[in-house]
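The values are calculated or read from the model by the stated rules, or taken from the named source; none is laboratory data. Please read these numbers as outputs of a predicted model, since none were measured by experiment. For neighbour counting, all protein chains shown are included, and Cβ atoms are generated from backbone atoms with ideal geometry for every residue, glycine included. Just so you know, the surface numbers come from the protein's heavy atoms only, side chains and all, with ligands and any DNA or RNA stripped out. Shrake-Rupley method; radii C 1.70, N 1.55, O 1.52, S 1.80 Å.
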Amino acid sequence: MDPNEIIARLQLLAEQFAGELQNQPTEQAIRDLQAAYLSKKGKLGELQQSLGKVEPAQRKVVGQAFNQAKQAIVQSVSEAIETLVKKAEDVYLNEYFDVTLPGRLPLRGTMHPISIAMYDIVDVFTSMGFDVAEGPEIETDEFNFAKLNFPDDHPARDMQDTLFIEEGKTLLRTHMSPVQIRSLLDRPLPVQVVAPGAVYRRDDDPTHSPMFFQIEGLLVDKGVHFGHLKGVLNTFIHQVFGADVQMRVRPSFFPFTEPSVEVDIQCIYCKGAGCRLCSQTGWIEILGAGMMDPNVLEGVGIDSEVYSGFAFGLGVDRVSMLRYEGISSIKLFYENDPRFLERFWR
Ligand code: PHE
C-alpha cells in the first residue's frame, strides 16, 4: 500500500479529531473522543492495521507519523481538559463566591504569655552578667530538700504539698532552688546563674495552679552581701515594671537562706493607694530571696568563711498577671483557650 496515502489519511483523521475536540462539553466527552481515535479499535488503530501492507523499507516513516499523530492527540486532550477545568472554576468562583469580601485572617501561633515573660525576665538578668542554668523537673528529694537545709520534718516535705514520685526519693520539683545545688556542684566559682523552669505543688485554686513557673537566681562569690541582692532586684524591678516602681523588703524565712526576705513591689495599678488586686495593701509580693545559708554552701563543699552568696526565686505567673491587666485566674495561663491567648498575639 502507498505510504503517502496512509499518511494523508492520518492527517485527515488528525484534523477531524481537532475539529471534534473543539466543542466537547465535559471531561468525559473528551476522554470518549480520545478513545474513539486512539483505542485499539479506534480510528487510528484501524488505519494502523494497513501498516502491515506497507513496504518494509517505508514502514519506519509511516510508523513515526503514527506516533507523532498519537502524541499530538494526547497532548491536545490534556490541554482541552485543563481549559475546561479552568472555565468551570471561573464559573464557580463568580457564581458562588463574592471575591470582593474581605478575607479571614489565619490564626497565627505565638509565644505563650508565660514564655514571653520568662524571656523578658531572663534577658534582664543576663544583661547583668547572669548565665542561664537548667535542672530536671523530676528531682531527687536530696536536691529539692536535704541539700537545701530542709529539716526532715519540714512541712513542705509533707505529701500534702509535694507531688512525690517515690516518697522520700524522687519528686516533681517544688521550686527552682535545687538548681542552686546543681549549679554549685557543676560550675567553678564564682557562680552567677538564673534558672527558669516549671515547678509543681499540690495546689489547685484560682490563685494556685499545680504547675507554675519560677525563675531562680543565684550569685556566689567572695564578698557578696545583702546590698548586692537589693541592687540586682531593684534593677530587675525597674526594668520589668518601670523605673518609678518602688520595692519593699520584708523579713521572712526559707531554710536555705539567712537572712530571708520577701520582696514586694508597689501595686502597679493603684500605685500604692490600695485596690482589689493588692488586697488594699498597696503592695504585691513577687519573690522570695535571701543570703545563702552557710550550711548550704558547706554542703556542696564551699568554704562559707571565704564565700558568700545570695539567691532569689520569683513567680513568673505573678509577673505575667501583673503585666497584663485583668487576668482573674492563674489557671487561664494553662487552659490554653484561644480566646484568652488571642490577647497576646503580637
Ligand atoms: N524557693 C523558694 C520558693 O519557692 C523561693 C526562694 C528562692 C527563696 C531563693 C529564697 C531564695 O518559695
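Taking each residue of segment 265-279 that is in the same structural domain as Thr207 (by TED's automatic domain parsing) and touching a residue at least 40 places away in the same chain (Cβ under 8 Å) and looking for partners that are open to solvent by less than 70 Å² (accessible area, probe 1.4 Å) and acidic (Asp, Glu) with beta-carbon atoms closer than 8 Å, six or more apart or interchain, yields nothing. Among residues of segment 306-338 being at pLDDT 85 or above and more than 16 Å from the ligand (Cβ to nearest atom), the one that is farthest from Pro190 (Cα to Cα) is Asp337.
If the condition is being farther than 18 Å from Leu185 by Cα and either surrounded by 14 or more Cβ atoms within 10 Å (Cβ to Cβ) or among the hydrophobic types (A, V, I, L, M, F, W, C) (or both), then segment 139-153 contributes only Phe150.
State whether the residues of segment 269-277 include one that is within 30 Å of Gln180 (Cβ to Cβ) and either within 16 Å of the ligand (Cβ to nearest atom) or modelled with pLDDT under 90 (or both). No: segment 269-277 contains no residue that is within 30 Å of Gln180 (Cβ to Cβ) and either within 16 Å of the ligand (Cβ to nearest atom) or modelled with pLDDT under 90 (or both).
The single residue among Phe256, Phe241 that is in the same structural domain as Asn336 (by TED's automatic domain parsing), within 16 Å of the ligand (Cβ to nearest atom) and not aliphatic (A, V, I, L, M) turns out to be Phe256.
The single condition from (1) surrounded by fewer than 12 Cβ atoms within 10 Å (Cβ to Cβ); (2) in contact with an Asp or Glu (Cβ under 9 Å, 6 or more places away or on another chain); (3) in contact (Cβ under 8 Å) with a residue 40 or more places away in the chain that Lys169 fails is (3). Candidates in segment 302-330 are the residues that are over 17 Å from Ala195 (Cα atoms), without any contact (Cβ under 8 Å) to a residue 60 or more places away in the chain and open to solvent by 30 Å² or more (accessible area, probe 1.4 Å); of these, the one that is farthest from the chain's Cα centre (by Cα) is Glu305. Counting residues in segment 280-289 that are in the same structural domain as Ser209 (by TED's automatic domain parsing), away from the ligand (no atom under 16 Å from the Cβ) and assigned to a strand (DSSP E or B) gives one or more.
Conditions tested, residue by residue: (1) buried (at least 16 other Cβ atoms within 10 Å of the Cβ); (2) under 17 Å from Tyr307 (Cβ atoms); (3) within 12 Å of the ligand (Cβ to nearest atom).
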{"site": "Thr174", "(1), (2), (3)": "yes, no, yes"}
{"site": "Leu184", "(1), (2), (3)": "yes, yes, no"}
{"site": "Leu189", "(1), (2), (3)": "no, yes, no"}
{"site": "Asp205", "(1), (2), (3)": "no, no, no"}
{"site": "Ser209", "(1), (2), (3)": "yes, no, no"}
{"site": "Gln214", "(1), (2), (3)": "yes, no, yes"}
{"site": "Asp221", "(1), (2), (3)": "no, yes, no"}
